[in-house]
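Visitor: Structure below; questions to follow.
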Amino acid sequence: MRSASNYLLGTHDFRNLCKMDVGNGVTKFIRNIMNIEFNVHDKKNIDIDEYTVYEVTITGQAFLWHQIRCIMGILFLIGQRKEKPEVILELLDVTNNPRKPEYHMASEIPLNLYECMYENEDIDWQYDDKVVSIVIENLTKKYTIGSIQTAMIKSMITDLKSLSKITPSVCSSHFLLQGVKPKVYTPVMKRQKCVVNFHVNWCEPCHILIPKPQELVGDKDVDLELHAELVHTFEVKAVPAVLTVKDGLVIDANTLEKLLENLTRQLDIEVMRSASNYLLGTHDFRNLCKMDVGNGVTKFIRNIMNIEFNVHDKKNIDIDEYTVYEVTITGQAFLWHQIRCIMGILFLIGQRKEKPEVILELLDVTNNPRKPEYHMASEIPLNLYECMYENEDIDWQYDDKVVSIVIENLTKKYTIGSIQTAMIKSMITDLKSLSKITPSVCSSHFLLQGVKPKVYTPVMKRQKCESLENKIKHFTKRKRIPNKDAE
């Protein structure tokens, strides 16, 4: 891909590497590309593997949004060895190839207009520190959620690959090319075009905005009320829509442009690790659970055997505010909300808002029979990783084909997610260099649910709910749970 990109350097007519949006007045496609670089996004990652994210930086003049997506679509095909590098020369030869062949543009998700340069270098850009700080906070939220999700998905893929004898052959860039992928690949320069109208009869704009079938050459007219299955097949998000389709390939679809947004101060992991030791052993976890007495949950004695805090990516040699940790809790008979409550308290400890000893107070149900109000942690990072059974001789059966399909679906999610988080991380870094205000919010702030108060109130001084005993009496009286005394 790096070698092939050299053919793009210089001034060319990029009509075959653009969306020829003549209807909106775009009629000139002469553009100049001065430089193209391929670099590993995370310089701290010392090992290159299938999870490595690369960033391609293209420097040029007067770019069109879809031009970059078309260029990357062709470079992906070259990188997948489906096309030879010389296909770029053929596409740039508009004398011999005046008609653009159909091929998929790359997804818009990884595309970022990184920097604009002007002839007048003395421009004094003004930035509102408060606004920049708010943008950084919003991006940090997106980055926090995205990095955790991709870390979890990566673990799932690794585990599933160890179970299956079939190695998925799909490349991650497969998911960055839009449209339906044909079973048999047709070289770009040998493809033909076909126009498809997607509409519904009751849609007035469909009759006004889309050309009549007879005005189009080799077209198809599709009523989505009669062919609803094609909505998913061709990813039609709105009508009216005109797609260029051939051999299952889709070009120039009506798509909604997606916006990206997503860490700052670090959690004190060592304090969290130390505090977690108070949770080990058998305790009454009523104050660290959702007391769902109305649904029959009246006992909260649980045993936690081990808690570990580890960096998720062992290859990452530097620890910073972007590092993802995984907390592994081993115990018996967990409740879904129990882990979320435990992590909610540990986050507050890691943010230095609570002392580690708050856990001892919450576990002391004699002196503190009523649970104080606090936010549970988000459910997004929570993963029931493994279940163990007394009979260790259980022979688990896996269908290799099904496992392979699951790996492919997870790989798609990981590809999109890792690229989004990589881009957002770059945005945050750049924005921080513009602002004099350092955002004080910690990334774990976005993993705690509920409205965040301006003034923090210690957990044990907050309003408390009814005690477990009173809740049992209440729901017994309403006959929602059995009356054991009557029995």
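The values are calculated or read from the model by the stated rules, or taken from the named source; none is laboratory data. Not measured: the values here are computed from a predicted model. Methodologically, a virtual Cβ is constructed for each residue, glycine included, from the backbone with ideal geometry; neighbour enumeration extends over all protein chains shown. The protein model used for the area step is the full one, side chains on, heavy atoms only, and it has no ligands, DNA or RNA in it. Shrake-Rupley method; radii C 1.70, N 1.55, O 1.52, S 1.80 Å.
Visitor: Of these, LYS412, LYS401, which one is at pLDDT 85 or above, basic (Lys, Arg), out of contact with any helix residue (DSSP H, G or I) (no Cβ under 9 Å at 6 or more places or on another chain) and more than 15 Å from ILE148 (Cα to Cα)? Step through it out loud before you land on a result.
Guide: On the way: LYS412 fails: out of contact with any helix residue (DSSP H, G or I) (no Cβ under 9 Å at 6 or more places or on another chain).
Going through LYS412, LYS401 in turn, the sole match is LYS401.
Visitor: Mind listing just one residue for me: the one in region 335-360 that is of a type in the set (D, E, K, R) and surrounded by fewer than 18 Cβ atoms within 10 Å (Cβ to Cβ) and, of those, farthest from ILE269 (Cα to Cα)? Walk me through how you get there before you give the answer.
Guide: Our first condition is that a residue be of a type in the set (D, E, K, R); within region 335-360, this holds for 340, 352-355, 357.
From what is left, the residues that are surrounded by fewer than 18 Cβ atoms within 10 Å (Cβ to Cβ) are 352-353, 355, 357.
Numbers: ARG352: 11, LYS353: 14, LYS355: 13, GLU357: 16 Å.
The extreme case among them is GLU357.
Visitor: Just to be sure I understand, how many residues within region 40-71 are hydrophobic (A, V, I, L, M, F, W, C), assigned to a helix (DSSP H, G or I) and open to solvent by 30 Å² or more (accessible area, probe 1.4 Å)?
Guide: Filtering region 40-71 for residues hydrophobic (A, V, I, L, M, F, W, C) gives 40, 46, 48, 53, 56, 58, 62-65, 68, 70-71.
Next cut, assigned to a helix (DSSP H, G or I) only: 65, 68, 70-71.
Among the residues that remain, those that are also open to solvent by 30 Å² or more (accessible area, probe 1.4 Å) are: 65.
Adding up the residues that qualify gives 1.
Visitor: Then there is this: Within region 355-372, restricting attention to residues that are part of a loop (DSSP other than H, G, I, E, B) and within 36 Å of the chain's Cα centre (by Cα), which residue is nearest to PRO458 (Cα to Cα)?
Guide: Our first condition is that a residue be part of a loop (DSSP other than H, G, I, E, B); within region 355-372, this holds for 355-357, 364-371.
Imposing the further condition that a residue be within 36 Å of the chain's Cα centre (by Cα) reduces the set to 355-357, 371.
On the way: LYS355: 9, PRO356: 12, GLU357: 12, LYS371: 13 Å.
Per the criteria, the residue is LYS355.
Visitor: Identify the residue in region 151-167 that is hydroxyl-bearing (Ser, Thr, Tyr) and at pLDDT 75 or above and, among all such residues, is least open to solvent (accessible area, probe 1.4 Å). Walk me through it before giving the result.
Guide: Taking region 151-167 first, the residues hydroxyl-bearing (Ser, Thr, Tyr) are 155, 158, 162, 164, 167.
Keeping just the survivors that are at pLDDT 75 or above gives 155, 158, 162.
On the way: SER155: 35, THR158: 74, SER162: 93 Å².
Ranking the candidates gives SER155 first.
Visitor: I need every pair where a residue in region 346-370 that is more than 19 Å from TYR325 (Cβ to Cβ) has its Cβ under 6 Å from the Cβ of a residue that is of a type in the set (Ser, Thr, Tyr), sequence separation at least 6 or different chains.
Guide: Listed by first residue and then by second, the contacts come to LEU360/TYR278; PRO369/SER467; ARG370/SER467.
Visitor: Would you be able to tell me the number of residues in region 316-334 that are among the polar types (S, T, N, Q) and open to solvent by 50 Å² or more (accessible area, probe 1.4 Å)?
Guide: First, the residues of region 316-334 that are among the polar types (S, T, N, Q): 316, 323, 328, 330, 332.
The next check asks that each one be open to solvent by 50 Å² or more (accessible area, probe 1.4 Å); those that pass are 328, 332.
Qualifying residue count, region 316-334: 2.
Visitor: Residues of region 373-387 being more than 25 Å from the chain's Cα centre (by Cα) and of a type in the set (Ser, Thr, Tyr), which ones?
Guide: Filtering region 373-387 down to residues more than 25 Å from the chain's Cα centre (by Cα) leaves 373-374, 387.
If the condition is that a residue be more than 25 Å from the chain's Cα centre (by Cα) and of a type in the set (Ser, Thr, Tyr), then TYR374 is the only one that fits.
Visitor: A further question follows. Please specify each residue of region 445-459 satisfying the condition of being surrounded by fewer than 16 Cβ atoms within 10 Å (Cβ to Cβ) and not small (Gly, Ala, Ser). Walk me through it before giving the result.
Guide: Filtering region 445-459 down to residues surrounded by fewer than 16 Cβ atoms within 10 Å (Cβ to Cβ) leaves 449-458.
Listed by number, the residues that qualify are GLN449, VAL451, LYS452, PRO453, LYS454, VAL455, TYR456, THR457, PRO458.
Visitor: Tell me which residues, restricted to region 405-434, are open to solvent by 40 Å² or more (accessible area, probe 1.4 Å), closer than 16 Å to GLU321 by Cα and of a type in the set (Val, Ile, Thr).
Guide: The answer is THR429, and nothing else.
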